[in-house]
Amino acid sequence: AELVRLYDFLLKAIEEGRAIYDNLRKFITYIFASNMPEVNPFMAMSLLKIPLALTVPQILAIDLGTDLLPALGLGVERPEPNVMQRPPRNRNKPLLDRSLFMRAFMFLGLLQTALCYIGFFYVFFARGINPLQIDRVDWLPYSDRLLTVQGRAYVLATTVFHAGVIMAQIGNAYACRTERGHVRYLGWVRNRSLTAGVLASVGIILTLIYFQPLAYLFELLPLPIQYWAGLALFAPIMYIADWFRRFILNWIEWSRRKRQAEEKS
């Protein structure tokens, strides 16, 4: 009986250890991915002369507000169903490896950036304004921007970009719950901490946008309701895109194993 209890204890310890390792990677992937739409606007401004799509106060609101709670929710994710069926991890494998960086920066992060810039440019073009030909309104104080048509369009565009990051991060958070498996096996609302974090992040961005003193502080404008119809698509686009990425990787891995088995036989 003692040996059985010891065996169960060791299995549970291994399972928890693997879950902690997985959750660290999920947490880091989620955070790294959101850095891309925060950094790329500065690069686009310097290299392509595109007006700055995300201001410094808005970046602080993302990093210290809306990103924090969902990230903590990912950190307490329960072990995945197949966690004990995996072979032992090579002890020399780093926590931050090439696959994590590629997924966070080159896939999830770039997709987030693209979606947010679509919303950003839409605001200008819907008003007949070419954002590459406007004056540098991003250098003006917030109150002065609101005095011109171009300046007001710019503030509205940065608000869409900011809200787009939050909405895309929701899809990113659920995609990051697993690297290769299916989220449905984990239960869509089973991680209550993540669900609460996502709801809190939505509440925060709505408060920042529609509560005037905070909107002034973070240089935002109230968004027309129809804008949210487009922004709401960002989360499922992020999740579905990563689902296809996982499907392709799993298919490649399955094909490789099948080929190896055929060669051995």
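The values are calculated or read from the model by the stated rules, or taken from the named source; none is laboratory data. As the structure is a computational prediction, the values presented were derived from the model and not from experiment. As a convention, Cβ positions derive from the backbone with ideal geometry for all residues, glycine included, and neighbour counts pool all protein chains shown. Heads up: the accessible areas ignore ligands, DNA and RNA and are worked out on the full protein's heavy atoms, side chains in. Shrake-Rupley method; radii C 1.70, N 1.55, O 1.52, S 1.80 Å.
In Å², what does the accessible area per residue of the range 122-265 work out to with a 1.4 Å probe?
Working: 7970 Å² over 144 residues.
That works out to 55 Å² per residue.
Mean Kyte-Doolittle of at least 0.0 and a Cα length of 20 Å or more along the axis: which whole DSSP H helices of the chain meet both?
Helix filter hits for the chain: 2-48, 110-126, 149-175, 192-210.
What per residue convex hull volume, in Å³, comes out for the range 1-94 when only alpha-carbon positions are used? Don't skip to the end; give the middle numbers.
Working: hull volume 12.9 nm³, N = 94.
Measuring per residue, one finds 137 Å³ for the Cα hull of the range 1-94.
Using a 1.4 Å probe on the protein chains only, how many percent of the accessible area of the range 1-54 belongs to carbon and sulfur?
76
Using the Kirkwood radius built from alpha carbon pairs, what does the Stokes-Einstein equation give as D for the range 123-194 at 37 °C and 0.692 mPa s, in µm² per second?
This corresponds to a translational diffusion coefficient of 218 µm²/s.
Could you compute the FRET efficiency for LEU96 and TYR185, with r as their C-beta to C-beta distance and R0 at 30 Å, rounded to 0.05?
0.70
By average Cβ neighbour count within 10 Å, what is the ranking of 245-253, 23-31, 119-127 from highest down?
23-31, 119-127, 245-253
For SER265 and LEU68, compute 0.36 nm times the residue count separating them, minus their Cα-Cα distance, and round to one decimal in nm.
Residue separation times 0.36 nm, minus the Cα-Cα distance, leaves 65.8 nm.
What percent of all Cα-Cα pairs in the chain falls into each 10 Å bin, going from 0 up to the bin containing the maximum distance?
Result returned by the calculation: 6, 27, 29, 19, 11, 5, 2, 0.
Applying the Karplus parametrisation 6.51 cos²θ - 1.76 cosθ + 1.60 with θ = phi - 60° to the phi angles of the range 102-109, what ³J(HN,Hα) value in whole Hz is obtained for each residue in order, glycine and proline being reported as x?
Karplus values, whole Hz, x for Gly and Pro: 5, 5, 5, 8, 8, 10, 4, x.
Label points 7 Å out from Cα along the Cβ direction at ALA232 and LEU47: separation in nm?
Going by the 7 Å Cα→Cβ label model, 3.5 nm.
Estimate the FRET efficiency between TRP251 and LEU147 by the formula 1/(1 + (r/R0)^6), using the beta-carbon distance for r and 51 Å for R0, to the nearest 0.05. Can you show the working numbers first?
On the way: r = 55 Å, r/R0 = 1.09.
So the FRET efficiency works out to roughly 0.40.
Output the peptides 223-231, 106-114 sorted from most to least packed, where packing is the average of other Cβ atoms within 10 Å over each peptide's residues.
106-114, 223-231
Excluding ASN191 itself, calculate the net charge of residues whose Cβ lies under 14 Å from the Cβ of ASN191, where each Lys or Arg counts +1 and each Asp or Glu counts -1.
Net charge around ASN191: +3.
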